[in-house]
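This report refers to the structure that appears directly beneath it.
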Amino acid sequence: QVTCIEVVEAYVERIKEVNPLINAVVKDRFEEALQEARQVDKLLSEGPGHDCLEEKYPLLGVPITVKEAFSLQGMPNTSGLVSRRNVIATSDATVVSRLKQAGAIPLGVTNCSELCMWYESSNRVYGRTNNPYDLQRIVGGSSGGEGGVLAAACSVIGVGSDIGGSIRMPAFFNGVFGHKPTTGVVPNDGQFPNAHGVRTSFLCTGPMCRYAEDLEPVLRVMAGPGVSKLKLNEKVSLEKIKFHCMDHDGGSVFVSPVDKEILQAQKKVVEHIESDLGVRVQRVAIHKMKYSFQIWSAMMSSKDSNGQEAQRFTDLLGDHGKPVWPLWELMKWLVGMSSHTFPAIALGLTEKLMNLNHSGNAKLVSMGKSLQEEMEALLGQDGVLLYPSHPTIAPKHHSPICMPFNFAYTAIFNVLGLPVTQCPLGLGSEGLPLGIQLVAAAYNDHLTLAVARYLEKAFGGWVLPGKV
């Protein structure tokens, strides 16, 4: 009904309109995108039938944005690190290349936290990204620019990555859908920093979208041949899913209590599933979830099966140059002289402390392994767990420093290797997004995606900012 050039022009205009407020797109490629849109229109007017094109180019002419941590040819690839300010990607990350081959048109790259290891997207290269629902709130991290750009209707699909909730937290804070696939299905190469050692089994690349139905086709393209490991062609009967529900982690001392509004939203989901599908949602209390943060930290810093040490964050901060001394950086930061953000410096300091407690870490790693077995046994091949996406709604800027470990609600599922879909549930009393995590056993992504589509119909999904 409309030409590709009209679609791309509309999104370009939208970005120009709202980006000065939210600062989500940090570098655009509008000229190239418009040129690519013209080529799509030419192909449609001259080429073979639409059915044939749809099979070859499932995302033909669809505007997308890409987290700046991924290589997109001709675009910066700094991950918010000042020392990489002049790094320009000369090729595409595998997932970016697959999306382009499927016909998608990248509009630009979006902001992230420094080295993708904090849940507020702010750095010394591009500054801070603001939440479209309230500019005084965070977009989350590290795929925060993607969360903001999608929520503000500036893009159709976002490319995100997630090692502690970096897809799901921004999706939650910005009221969109985000999917962390089963580990090892979608390739991670072509992003900086990439995972090494044991962390290769925790880092996941996945799609972020405004509409639940877009997650699956994008996941298929991103996964490429790896999609055969998933059961995306299996029809899901919602009445046959065994639903489980957990309201909170059991009361960790490191993490904020779950907001009442988030608990109420989850309660409404349970009530709707029970009355509409005629099934019983089983309440569960998994004791080890209380130690989510400690388990994630220990597993992130453990050696892999070959005995290879986990990469140190301070080495990444130096980016192959001189090592960074966190204490010295803290002194510089206090007088406004450091080129690093405070959260990055703080992470460098805590990393050193974590490495001192070897026996405690070993116990936590073994607790993580037994939690994984418990979770897989609970979920089986037909189970979905409902769990909060975060203990609070989108916090105000800088406040994550006061509650640095709240990401544990998402992070635990990275070290467990489970697929998770973040599903929006409308807006709360302050006009900020609510949401829920849908968790399944490994390789059962089709279950969480099906439940996300179902809940979108029931709860309305994404809401345009400024609508209420």
On a full-extension model of 0.36 nm per residue, what is the gain between residue 34 and residue 458, subtracting their alpha-carbon distance, rounded to one decimal in nm?
149.0 nm
Positive end of the charge dipole of region 4-459 (Lys, Arg +1 and Asp, Glu -1 on Cβ, about the Cα centre): tell me which of 107, 53, 279 has its Cα farthest that way.
279
Which whole-Hz couplings ³J(HN,Hα) result when phi for each residue of region 41-56 is put into the Karplus expression 6.51 cos²θ - 1.76 cosθ + 1.60, θ = phi - 60°, listed in order with x for Gly and Pro?
4, 5, 4, 5, 7, 9, x, x, x, 4, 4, 5, 5, 4, 5, 7
Specify the inter-centroid distance of region 430-449 and region 87-133, based on alpha-carbon positions, in whole Å.
23 Å
Under 17 Å from a point 7 Å along the Cα-to-Cβ line of residue 43: which residues of region 1-27 have their amide N that close?
1-9
How much length is gained on full extension from residue 369 to residue 254, taking 0.36 nm per residue of separation minus their Cα-Cα distance?
39.3 nm
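Order 18, 87, most accessible first, counting only protein heavy atoms with a 1.4 angstrom probe.
87, 18
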If the reach is capped at under 18 angstrom between alpha carbons, list the aspartates and glutamates near residue 267, excluding any in the same chain fewer than eight residues apart.
247, 249, 259, 276, 456
Residue 303: which lysines have alpha carbons under 30 Å from its alpha carbon, excluding same-chain residues fewer than 8 sequence positions away?
67, 180, 229, 288, 290, 322, 352, 363, 369
Per the 1.4 Å probe, what fraction of the accessible area of the chain, in percent, lies on carbon and sulfur atoms?
54 percent
Taking the Cα atoms of region 64-168, report the difference between the largest and smallest coordinate on each principal axis, in whole Å and largest first.
37, 32, 22
Round to a whole angstrom and tell me the spacing of the C-alpha centers of region 280-297 and region 35-49.
51 Å
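Would you mind getting the accessible area per residue of the chain, heavy atoms of the protein chains only, 1.4 Å probe, in Å²? Don't skip to the end; give the middle numbers.
Values: 19070 Å² over 468 residues.
Dividing the accessible area of the chain by its residue count gives 41 Å².
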Once phi is turned into ³J(HN,Hα) by the Karplus curve 6.51 cos²θ - 1.76 cosθ + 1.60 with θ = phi - 60°, what whole-Hz value does each residue of region 226-232 show in order, with x for glycine and proline?
x, 5, 5, 6, 9, 10, 5
List the lysines whose Cα lies under 17 Å from the Cα of residue 56, skipping any in the same chain that are fewer than 8 positions away.
42, 100
If the convex hull is drawn through the Cα atoms of the chain, its volume per residue in Å³:
142 Å³
Per 5 angstrom bin, beginning at 0 and ending with the bin that holds the maximum distance, the Cα pairs of region 82-123 fall in percents of 5, 17, 19, 23, 20, 13, 3
Work out, step by step, the length gained on full extension between residue 402 and residue 2: first 0.36 nm times the residue separation, then minus their alpha carbon distance; give nm to one decimal.
139.2 nm
The chain - percent relative contact order, Cα under 8 Å, separation 6 or more:
18 percent
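The values are calculated or read from the model by the stated rules, or taken from the named source; none is laboratory data. These figures come from a predicted structure and were not determined experimentally. No Cβ is skipped: glycine too gets one built from the backbone with ideal geometry, and neighbour counts run over all protein chains shown. Ligands, DNA and RNA are stripped out before the accessible areas are found, and what is left, the full protein with its side chains, is counted by its heavy atoms. Shrake-Rupley method; radii C 1.70, N 1.55, O 1.52, S 1.80 Å.
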